Amino acid sequence: MKRVGDKVCVITGAALGIGRACALRLAEEGGKIAVLDRLDEAGAALALELNARGVPARYWHVDVADEASVKQAMTEVAAHFGSIDVLVNNAGISGSTKLTHEITEAEWDLVQAVNVKGVFFCSKHAIPFMKAAGAGSIINLSSIYGLVGAADVPAYHASKGAVRLLSKTDAICYAADKIRVNSVHPGYIRTPMVENHLRASGATDLEAAMAEVGKLHPLGHMGEPDDIAWGVVYLASDESRFVTGSELVIDGGYTAH
């Protein structure tokens with residue numbers, strides 16, 4: 001039994017990392033996959049890889065911070081596949097490592113544009129198709145730093161807190177339409193974004209830095225993209241039909257301190 005059989009799943013930032021893992025697992029579980037990203041080569045290659053496995057999939061170049069780009073893609077996805085059933089708002093950036101008294105307005109705005117407005121735009125233009133279909137699941141990737149603070153990247157932390165509360169608000173607003181909205185809160189996951197963040201924070205030995213960050217989690221190591229993908233499969237599936245407005249924390253125990 002395919003857990004998301006025939007559901008049309010839209011995944012932003014799908015070319016790499018957590019987004020790619022979500023696309024692969026949702027496809028494995030019977031989903032039709034819309035790959036949305038700005039990385040054309042990697043995004044198109046993923047769609048072709050899925051097609052070769054017999055999975056209906058297609059790539060769209062989308063800048064989630066550009067509402068016109070998002071609206072066009074959602075309209076084309078719905079026309080191509082016939083509906084939008086699942087939206088995984090995964091696209092995000094860590095942004096500047098500067099603290100609040102140092103960061104510029106432009107650096108701050110860039111993080112909010114991708115991480116917050118991106119979720120807003122994608123949800124805004126997917127929801128009408130979900131309302132028409134009579135149901136849907138929106139899965140917003142927040143972070144452990146949408147739940148707790150830390151002494152770095154304030155713009156990122158602020159953005160992920162916003163995603164958490166937008167998820168709760170939309171869960172209430174669209175419950176009558178049978179559209180469920182939940183947030184996922186990963187700990188440190190080995191992805192290109194985390195690797196780039198560690199380098200930007202001054203790490204010269206990436207593997208050593210990864211090991212040190214892993215120790216922040218009670219389980220003693222960082223997570224893998226697949227750890228998050230399985231949680232997304234659950235929230236996309238009808239197994240979670242009574243789950244909305246919730247936080248799914250997948251963090252190796254980080255926030256249990």
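The values are calculated or read from the model by the stated rules, or taken from the named source; none is laboratory data. Because the structure is a prediction, the values reported are computed rather than measured. Counting neighbours? That spans all protein chains shown, and the Cβs are built from the backbone with ideal geometry, glycine included.
The one condition from (1) within 19 Å of Asn90 (Cβ to Cβ); (2) modelled with pLDDT of 95 or more; (3) surrounded by 17 or more Cβ atoms within 10 Å (Cβ to Cβ) that Val153 does not meet is (2). Taking residues in the stretch 177-204 that are aromatic (Phe, Trp, Tyr), and partners anywhere that are modelled with pLDDT under 95 and in a helix (DSSP H, G or I), the pairs with Cβ atoms closer than 7 Å and at least 6 places apart or on different chains are Tyr188/Val194; Tyr188/Val213. Between Ala79, Ala65, the distinction of being out of contact with any helix residue (DSSP H, G or I) (no Cβ under 8 Å at 6 or more places or on another chain) and hydrophobic (A, V, I, L, M, F, W, C) belongs to Ala79 only. Within the stretch 85-105, being surrounded by fewer than 24 Cβ atoms within 10 Å (Cβ to Cβ) and hydrophobic (A, V, I, L, M, F, W, C) holds for Ile93, Leu99, Ile103. Here is the figure for the stretch 181-197: residues that are out of contact with any Phe, Trp or Tyr (no Cβ under 8 Å at 6 or more places or on another chain) and crowded, with 21+ Cβ neighbours inside 10 Å total 8.
Here Ser137 fits the description: assigned by TED's automatic domain parsing to the domain that holds Ala113 and not in a helix (DSSP H, G or I).
Go through the stretch 90-122 residue by residue and tally those that are out of contact with any strand residue (DSSP E or B) (no Cβ under 6 Å at 6 or more places or on another chain) and either within 16 Å of Ser183 (Cβ to Cβ) or among the hydrophobic types (A, V, I, L, M, F, W, C) (or both). The qualifying residues number 15.
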